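The values are calculated or read from the model by the stated rules, or taken from the named source; none is laboratory data. In this text, all values refer to a predicted model and were calculated from it rather than measured experimentally. Cβ placement follows ideal geometry from the backbone for every residue including glycine, while neighbour counts extend to all protein chains displayed. In case anyone asks, the SASA skips ligands and DNA or RNA and just uses the protein heavy atoms, side chains included. Shrake-Rupley method; radii C 1.70, N 1.55, O 1.52, S 1.80 Å.
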Amino acid sequence: MSFLDRSIREIHEAYLRGETTPYELTLEAIARAKANQDNALETLDENGALTFAKTLMDPEPENLLWGIPYFAKDNLSTKGIETTASSNILAGYIPVFDATVIAKLKKRKAVLLGKTTLDELGMGGTGTTGRKGMTYNPYAPNHDRLIGGSSSGSAAVTAASIVPFALGSDTGDSIRKPASYAGLVGFKPTWGRISRYGLFPFAPSLDHVGFFTRNVDDAAILLQALAGRDEKDATSSDQEVKDYPVLQKLSPLGYKVAVIAEIVDSLTDPVMKEKFAASVAEMKQAGIQVDEVHLPHELLSSVYATYLVISSAEATSNNANLDGIKFGPYYEGKSYQEVMCKARTKGFSELTKRRFVIGSFALMAENQEKLFLRAQKNRARIVAAIESIFSQYDLIYGPAAPSVAPMVHPKTEMNTIAENHLAIGNFGGFPSLSLPLALEEGLPLGVNLTGRIFEEEKVLALASWLESYTGLAGLSALNAKEKQ
Amino acid sequence: MNIEAVIGIEIHVELKTKSKMFSAAPNAFSKTPNTNVAPLDMAFPGTMPVVNRQAVVHGIRVAYALHMEIARTLNFDRKNYFYADLPKGFQITQRFHPLGKEGYVTIFDLQNQPKKIAIERLHLEEDTCKQLHFRDYSLLDYNRAGVPLLEIVSYPDIHNGVEAVRYIEAIRNIVVYSRASDGKMEEGSLRCDVNVSIRPQGASFFGPKVELKNLNSLKNIQTAIDYEIARQSQCLASGMAIVQDTRRYDEAKGKTVSMRLKTEAIDYKYFPEPNILPIVLSEAMIEEAIATCPELYEAKKERYERMGLTPSQASVLLSDPAMASYFEAASEGSENPKTVANLLIVEVNAYLNKTGNGANISRFPLPPVSLKRIAAYREDGYTHQQCVEILEYCLREKARPEDALVALGITKADNDEEAIAAVVETVLAANPQSVSDFQAGKDRALSFLVGQAVKAAKGTLNPSVLAKALRERLNQEK
């Protein structure tokens, strides 16, 4: 077993004991990255990572992230490293500044290995729309399973145990869904908890920065490192950053947990249903209060449409800066219109253009009221319904996805409540975490915990409890057979 | 049929702040293109807007001066459109909740009667980048991209070119004296778009609206409006349709030229800016902004008049804020500010005009304290002529007035009765013709005699005392 398969805390201890070095581990991670067949990388910054790792000589006992190798989703701005958001329109774009999360990790001396693939510009949930083509799920070596998206590459490199963690972003479920399909802990904390400065915006009112890890403790460590007010992001919160690694060990026994019946009822996979029910029974057995609550079916069914309208509307505006004039490939034209038109026609995939058209249509003066504003009102209704649950419960527990990772060419319609409900966490900016529940024929099933805003510690504490129940801490595609 | 013009004006004012509206790049003049640029100004992906507090303070002060209702929450929106000078593909502005609404400013109309011009809205936004067009390419300068702008939109309450100019002057006085802006039209820090339409006098409907652009001086605005009213009236008279278009003022030809037709309005797809949460403007913050606002034009004018200046003296000093500051520094604690004003308006201005090349008071070498001293000499009984000599010496030799006094050997003109009497006698004896002219009723002869006496006294005697003595002596002779 390589140190790469361990947790952040275990690697840290190995460094302190002198059992390995950041340089050795970086070399090994690069070797694994090169051997990996999942098409997970936009950029492997071999030289940059090795040069930096070489400078790390004396482990810092208080700094758990010292020398820890990681990847970042390619929609996070990295100074000096090409950042394309997996879109041809940004081919060759080398940012002049680091995203705040990248800068924070640099300061903590974590080693950035490179950038991972995503659905183009973060728009998509399949991992199939990036400029480099499909990203595969490491749990399906024959490449017949999706990994989900949009943080596809970050999920893949963590699940393939190339690194102990990777940064992602989540606008609808872009961390939590692939985490579920790849057996990972995927966490997006409260909107405003982590600075979004340097995250290429998809839909700012829904966008979150978060991360993939293979255990809950690592998620707590990262949250503590990345949370906090940032003057460059006016929407970042100045709420105190808590000691999450300590708090996640607290007992969740006093918590009140709600399970939304309509979500669970929409499950069709019998194994998922059974495993989920067993986990609820186990919680109750342990003395955690778990109650079934109800939300109107029509409200839950409207989540996807609401999400699509709001996110597409914001996306069409946010991506209007991509016009070929300032960065990205430039195409000659007789007028500025022609220059922009060529760059955007050649630079975006058809799917992305479709979203822009939807967004633009929803914002048109004659449609705003019945599309954009109606979606905003519905978003507020959904958030109010969830907040009323939170007035009585600490957490909401549910499936993270209907089943295991879908086939590349799915035979069934993927438009159920259980498929789309995670966007609720984005609507209200609630902290939301997915973690593996069980393995079904070698493929992970995931569950989700969502909490009140700025109560990440409760999400982590119950996740930690569930992790000891499932015994799946440290799960990866490499050790899944042993863990089955 | 009597025709009435209906005019509405949109004014964009560049605000004076250390950094730009939403980025940390300096908001400063730079000769080198693309040097005052932060990643946000070029819309690099992942950059986020942070509201400039000083711009908000400026906005609150101007809104208050315009008697506007000030918003208690600051909200920003996106105005979406594609254009080469718009880096983000949208402009951050305040569409739905402007910082100020429903105000007015009072001007004097053609009959010099006070008239209130109602103002619809005042809002904060950001400037675009500057385009330089060449024959087969264009260049972009992002120094201007993101410069804070205040937009002030009037109701169509203005009816002629003179009112338009007075309205713009009134707004300019407010933004300049609150130090919100340089307010320089020639340099583009105050820009006006003027909408002109005509209709029968007293009608309640509006004619087709023509928008005038490229108006970079008050003179151009007046000429362009006059031209436009005449042009539209002629169209109407000759039965031609007035076309709703955007017109450019051609300064050389003194006329407006159509740039483009105003077809369907562009749909800017406004929606709230998701990266700036609504910011509460506390009562305390608003009050503080207003309380600390520098003294405005109207208040200064009234104060100067209370200090003894004539309205026209006050206006001359206030036509240049730097001149007004100089005056205030030089008259501070002075017994007679009018003397300071007089020296500034007459002598200092004469010096500046002579220096030429756009020399202005901000580069005038004499410190205000020296002018104050010279004014004090004047009060103390030195003659105006002596004071002018001191001033000229100070400027020439870069000296202090005290040293000029010694160097020039100037002594105070006095009221020595014997000396005065002697001069009077000498002058009367030397000019018998003037004496008899005076006695024949020609008052002008006295002025000549006073002049001769001042000359004979070589500046050592007080001219007003000399004049008085001469008149008394001549009246005795009658």
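According to the Kirkwood relation over distinct C-alpha pairs, the hydrodynamic radius of the range B:417-477 is 11.2 Å. Within chain B, the longest segment free of exposed loop sites, counting GluC sites (Glu not before Pro) that fall outside DSSP classes H, G, I, E and B and have at most 14 other Cβ atoms within 10 Å, spans B:1-185. Evaluating 6.51 cos²θ - 1.76 cosθ + 1.60 at θ = phi - 60° for every residue in the range A:31-38, the Karplus couplings come out as 4, 5, 4, 5, 7, 5, 10, 9 Hz, glycine and proline recorded as x.
Net charge near residue B:153: determine it from the other residues with C-beta under 9 Å of the C-beta of residue B:153, scoring Lys and Arg +1 and Asp and Glu -1.
Working: positive: B:121; negative: B:10, B:120, B:151.
Neighbour charge sum, excluding residue B:153 itself: -2.
Close amide H pairs (under 5 Å, H built 1.01 Å from N) link residue B:27 with B:19, B:20, residues at least 5 positions away or on another chain.
Rg and Dmax, both from the Cα atoms of the range B:101-246 and both in Å, are 17.2, 53. Would you mind counting up the charge near residue B:212? Only other residues with Cβ under 9 Å from its Cβ, with Lys and Arg at +1 and Asp and Glu at -1. It works out to a net charge of 0. Compute log10 of I(q)/I(0) for the protein assembly as shown with the Debye formula, placing one identical point scatterer on every Cα and leaving out solvent, at q = 0.05 Å⁻¹, to two decimals. Scattering profile of the protein assembly as shown, log10 relative to I(0): -0.44.
Each principal axis of the range B:101-160 carries a Cα extent, and these read 52, 26, 15 Å when sorted largest first. Rounded to two decimals, the Cα radius of gyration of the range A:314-375 over 2.2 N^0.38 Å is 1.27. For the range A:217-268, place one equal point scatterer on every Cα, skip the solvent, and apply the Debye formula. What is log10 of I(q)/I(0) at q = 0.23, 0.25, 0.28 Å⁻¹? Taking Cα atoms of the range A:217-268 as identical point scatterers yields -0.87, -0.91, -1.01. Estimated at the nearest 10 Å², the accessible area of residue A:291 is 40 Å² with a 1.4 Å probe. What shape does the range A:194-330 take by its C-alpha gyration tensor, where a ≥ b ≥ c are the square roots of the eigenvalues and a/c under 1.5 counts as rounded, a/b above b/c as prolate, and the rest as oblate? It comes out oblate by the Cα gyration axes. Note that the range A:1-156, at 20 °C in a medium of 1.002 mPa s, gets a Stokes-Einstein diffusion coefficient of 134 µm²/s from its Kirkwood radius over C-alpha pairs.
May I ask for the longest run of chain A untouched by GluC sites (Glu not before Pro) that are loop-located per DSSP and have at most 14 neighbouring C-beta atoms (other than their own) within 10 Å? Counting only loop sites that pass the neighbour cut-off, the longest clear stretch is A:63-230.
Report D for the range A:374-462 in µm² per second (integer): Stokes-Einstein, Kirkwood Rh on Cα pairs, 25 °C, 0.890 mPa s.
On the way: Rh = 14.3 Å.
D, rounded to a whole number, is 172 µm²/s.
Taking only the C-alpha atoms, wrap a convex hull around the range B:372-433 and report its volume per residue in Å³ as a whole number. Could the numbers behind the result be given before it?
Numbers: hull volume 6.7 nm³, N = 62.
Spelled out: Cα convex hull of the range B:372-433, divided by residues, is 108 Å³.
Using the charge dipole of chain B (Lys, Arg: +1 at Cβ; Asp, Glu: -1 at Cβ; taken about the Cα centre), state which of B:215, B:382, B:80 has its Cα farthest towards the positive end. Of the candidates, B:80 comes out farthest on the positive side.
Just need the Rg to Rh number for chain B, please, alpha carbons only, Kirkwood Rh. Working shown, then result.
On the way: Rg = 29.4 Å, Rh = 26.7 Å.
That ratio is 1.10, to two decimals.
When restricted to Cα atoms, the range B:295-408 yields an Rg and a Dmax of 13.6, 42 Å, respectively.
The count of lysine pairs in the range A:288-391 with alpha-carbon distances below 23 Å, taking only pairs 8 or more places apart or on different chains, stands at 8.
Tell me whether the range A:333-484 comes out rounded, prolate or oblate; compute the Cα gyration tensor, take square roots of the eigenvalues as a ≥ b ≥ c, and use a/c under 1.5 as the rounded threshold. Present the calculation step by step, with values, prior to reporting the outcome.
Values: a/c = 2.58, a/b = 1.50, b/c = 1.72.
It comes out oblate by the Cα gyration axes.
Using the Karplus equation 6.51 cos²θ - 1.76 cosθ + 1.60 (θ = phi - 60°), what ³J(HN,Hα) coupling, rounded to whole Hz, does each residue of the range B:262-277 give in order, writing x for Gly and Pro? Karplus-based 3J(HN,Hα) across the range B:262-277 equals 8, 7, 4, 4, 6, 8, 7, 6, 4, 7, x, 5, x, 8, 10, 6 Hz. By the rule of a C-alpha distance below 30 Å, with chain neighbours fewer than 8 residues away ignored, the lysines paired with residue A:54 are A:34, A:73, A:79, A:104, A:106, A:107, A:109, A:115. Computed over the alpha carbons of the range B:149-188, Rg followed by Dmax gives 10.9, 29 Å.
Under 5 Å between amide hydrogens, built in the peptide plane, is the criterion, and for residue B:271 it picks out B:78 among residues at least 5 positions away or on other chains.
Can you show me the helix-derived [θ] at 222 nm for chain A, built from DSSP H runs with n ≥ 4 at -39,500 (n - 2.57) apiece and divided by the number of residues, rounded to the nearest 500.
Working: 20 runs with 188 residues, N = 484.
After summing the helix terms and dividing by residue count, I get -11000 deg cm²/dmol.
Sum up the charges of everything whose Cβ sits under 13 Å from the Cβ of residue A:356, counting Lys and Arg as +1 and Asp and Glu as -1, but leave residue A:356 out.
Working: positive: A:344, A:353, A:354, A:355, B:269; negative: A:120, A:314, A:323, A:350.
My count for the surroundings of residue A:356 gives +1.
Beyond 13 Å, the tail of the calculated P(r) for the range B:8-70 holds 69 percent of the Cα pairs.
Order these peptides, B:55-68, A:133-146, by their mean beta-carbon neighbour count within 10 angstrom, highest first.
Working: B:55-68: 23.9, A:133-146: 20.1.
For the peptides B:55-68, A:133-146, the packing ranking is B:55-68, A:133-146.
The rule of thumb for compact globular proteins, 2.2 N^0.38 Å, goes into the C-alpha radius of gyration of the range B:368-478 1.25 times.
Placing a label point 7 Å from the Cα of residue B:206 along the Cα-to-Cβ direction, the residues of the range B:1-39 whose backbone N falls under 20 Å of that point are B:3-12.
Counting each pair of different Cα atoms once, what's the Kirkwood radius of the range B:3-280 in Å, rounded to one decimal? Its Kirkwood hydrodynamic radius stands at 19.7 Å.
Charges only on Cβ, +1 for Lys and Arg, -1 for Asp and Glu: so what's the dipole of the range B:3-280 about the Cα centre, in debye to the nearest 20? Don't skip to the answer; put the middle values down first.
Details: 35 positive and 32 negative charges, 67 e Å.
Around 320 debye, computed over the range B:3-280.
Using every pair of separate Cα atoms, the Kirkwood estimate puts the hydrodynamic radius of the range B:236-277 at 14.0 angstrom.
Over chain A, one equal point on each Cα, no solvent: what is log10 I(q)/I(0) by the Debye formula at q = 0.05, 0.07 Å⁻¹? Reported log10 I(q)/I(0), two decimals: -0.16, -0.33.
Using the Karplus relation 6.51 cos²θ - 1.76 cosθ + 1.60 with θ = phi - 60°, the per-residue 3J(HN,Hα) values for the range A:154-165 come to 5, 5, 5, 5, 6, 5, 7, 6, 7, 9, x, 8 Hz, with x marking Gly and Pro. Among A:188/A:242; B:20/B:115; B:31/B:300, which pairs are too far apart, with a Cα-Cα distance over 25 Å? Exceeds cut-off: B:20/B:115; B:31/B:300. Summarising the amide proton neighbourhood of residue A:446: residues at separation of 5 or more, or on other chains, whose placed amide H is nearer than 5 Å comprise A:400, A:401, A:437. Heavy-atom accessible surface of residue A:458, to the nearest 10 Å², is about 40 Å², with a 1.4 Å probe and all protein chains retained. Taken as Cα centroids, the range A:99-127 and the range B:1-71 sit 34 Å apart, rounded to the nearest whole angstrom.
Dipole magnitude of the range B:417-477 about its Cα centre, charges +1 at Lys/Arg Cβ and -1 at Asp/Glu Cβ only, in debye to the nearest 20?
Numbers: 7 positive and 7 negative charges, 50 e Å.
Computed about the Cα centre, the dipole is about 240 debye.
Could you state the number of Å between the C-alpha centres of the range B:77-101 and the range B:215-281? Their Cα centres are 19 Å away from one another. If you take the square roots of the eigenvalues of the alpha-carbon gyration tensor of the range B:27-186 and sort them as a ≥ b ≥ c, do you get rounded (a/c under 1.5), prolate (a/b over b/c) or oblate? Prolate, since a/c reaches 1.5 and a/b exceeds b/c.
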